[in-house]
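The values are calculated or read from the model by the stated rules, or taken from the named source; none is laboratory data. All values derive from a computational prediction rather than experimental measurement. Every residue, glycine among them, receives a Cβ derived from its backbone with ideal geometry; neighbour counts consider all protein chains shown.
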């Protein structure tokens with residue numbers, strides 16, 4: 001059987017040697033029928049218990065306060081992330097629109113350039129053809145020897161025809177080669 005006096009004496013020794021005191025509800029219900037030294041020990045235990053409870057309560061309040069701050073910061077962070085996602089989507093849409101506009105402008109510029117090249121080539125071909133034809137016609141009307149002029153005229157038209165198809169083929173090849181698929 002456990003002797004309460006021995007237990008109290010052992011508690012007193014522990015308190016003096018290692019500064020360990022009883023705490024909690026046990027201190028509240030201890031009888032005050034003990035000697036003065038034990039009563040003094042019990043009062044000191046009560047004081048230490050109140051201090052320990054107060055410290056724990058302060059720590060608990062501090063942790064709860066920090067948890068509230070962290071929760072608020074997390075909520076603010078989520079709002080910022082949502083705003084960033086919206087801004088990112090908007091920026092991507094604007095980028096896509098700009099790329100589309102740039103692509104359209106490039107295609108229009110290429111089309112206009114190709115049209116200009118074809119017109120100039122046709123003007124040169126028609127101009128050379130008309131000039132040669134006029135010279136050949138004048139030579140025929142003047143009853144001059146047109147053998148050399150006729151061969152030159154024939155060769156010139158062959159070369160112009162070949163070159164015109166070559167120019168148009170090159171332009172079409174460049175046009176289709178630069179298209180994105």
### Residue satisfying condition, being in a helix (DSSP H, G or I), out of contact with any helix residue (DSSP H, G or I) (no Cβ under 9 Å at 6 or more places or on another chain) and surrounded by 11 or more Cβ atoms within 10 Å (Cβ to Cβ), within set 137, 162, 133, 109
137
### Task
Specify which of the listed residues (26, 94, 22) is surrounded by 10 or more Cβ atoms within 10 Å (Cβ to Cβ) and at pLDDT 90 or above.
94
### Query
Taking the stated definitions as given, is residue 128 closer than 30 Å to residue 149 by Cβ, at pLDDT below 85 and more than 26 Å from the chain's Cα centre (by Cα)?
yes
